[in-house]
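*Asks:* Take this structure, written in structure tokens, and hold onto it; I'll ask about it next.
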Amino acid sequence: GAVVSQHPSWVICKSGTSVKIECRSLDFQATTMFWYRQFPKQSLMLMATSNEGSKATYEQGVEKDKFLINHASLTLSTLTVTSAHPEDSSFYICSPQDPLAYEQYFGPGTRLTVT
Amino acid sequence: QKEVEQDPGPLSVPEGAIVSLNCTYSNSAFQYFMWYRQYSRKGPELLMYTYSSGNKEDGRFTAQVDKSSKYISLFIRDSQPSDSATYLCAMSEGAQKLVFGQGTRLTINP
């Protein structure tokens, strides 16, 4: 399967600060990147879809000014949680899309805790 | 009604048992069906991928898709304690966003 990395794996930050999460596809070039959020004991919820070099498309209810997505290259995408609040504490998972395949692979996830 | 329905469990079975996990869906346009395994605090790991109807086998795992009934299944034979995880079904119409089931928490008891 595809190799996807995320960094950091776990981050704790204070309320009001910003946190950047990186996602890298290590063995293919991802023209599309999906970002998901997962609360405890719940399924994955799609937050946004981004195509390389374009603005991200956000799902209903996801604030685009709060969750900034940058997909500047085919192997790197970042998600920045701005002015984080405790309710943003969650597990964030990226999924780069290999344009030559239909199956989707996921990163190992980043656990964000906002105090 | 959710697009994809999956019994959240929890499901607990003894080691060596055959496990059956299922999802139903309402969107007849779904063509691609996947099963993921997710351990606690880890990203989902792709287990099985099926296109359209039919069966697919990989080791102890068998995936079945019945598009006429809008029903998919994952069977795990000779279940092991290491199979204890949450299993998520997911599906899509094409190279588009996945729609996930709620996930089933499975525990295999030694």
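*Asks:* Can B:D78 be described as at pLDDT 95 or above, open to solvent by 30 Å² or more (accessible area, probe 1.4 Å), away from every other protein chain (no Cβ under 14 Å) and out of contact with any Pro (no Cβ under 7 Å at 6 or more places or on another chain)?
*Replies:* Criteria met by B:D78.
*Asks:* Of the conditions (1) buried (at least 21 other Cβ atoms within 10 Å of the Cβ); (2) in contact with a Gly (Cβ under 6 Å, 6 or more places away or on another chain); (3) in a strand (DSSP E or B), B:R105 satisfies every one except a single condition; which number is it?
*Replies:* Result: B:R105 fails condition (1) only.
*Asks:* Out of the residues in segment A:100-115 meeting the condition of being more than 7 Å from every other protein chain (Cβ to nearest Cβ) and modelled with pLDDT under 95, tell me which one is farthest from B:S52 (Cα to Cα).
*Replies:* Taking the candidates together, the pick is A:L100.
*Asks:* Among the residues of segment B:85-99, is there at least one that is away from chain A (no Cβ under 14 Å), at pLDDT 95 or above and open to solvent by less than 50 Å² (accessible area, probe 1.4 Å)?
*Replies:* For segment B:85-99, residues away from chain A (no Cβ under 14 Å), at pLDDT 95 or above and open to solvent by less than 50 Å² (accessible area, probe 1.4 Å): absent.
*Asks:* Sticking with this structure for a sec: Out of (1) within 11 Å of chain A (Cβ to nearest Cβ); (2) buried (at least 17 other Cβ atoms within 10 Å of the Cβ), what's the single condition that is false for B:G9?
*Replies:* B:G9 satisfies all of (1) within 11 Å of chain A (Cβ to nearest Cβ); (2) buried (at least 17 other Cβ atoms within 10 Å of the Cβ) except (2).
The values are calculated or read from the model by the stated rules, or taken from the named source; none is laboratory data. Computed from a predicted structure; not experimentally measured. Backbone-built Cβ (ideal geometry, glycine too); neighbour counts: all protein chains shown. With ligands, DNA and RNA removed, areas are computed over all heavy atoms of the protein, side chains included. Shrake-Rupley method; radii C 1.70, N 1.55, O 1.52, S 1.80 Å.
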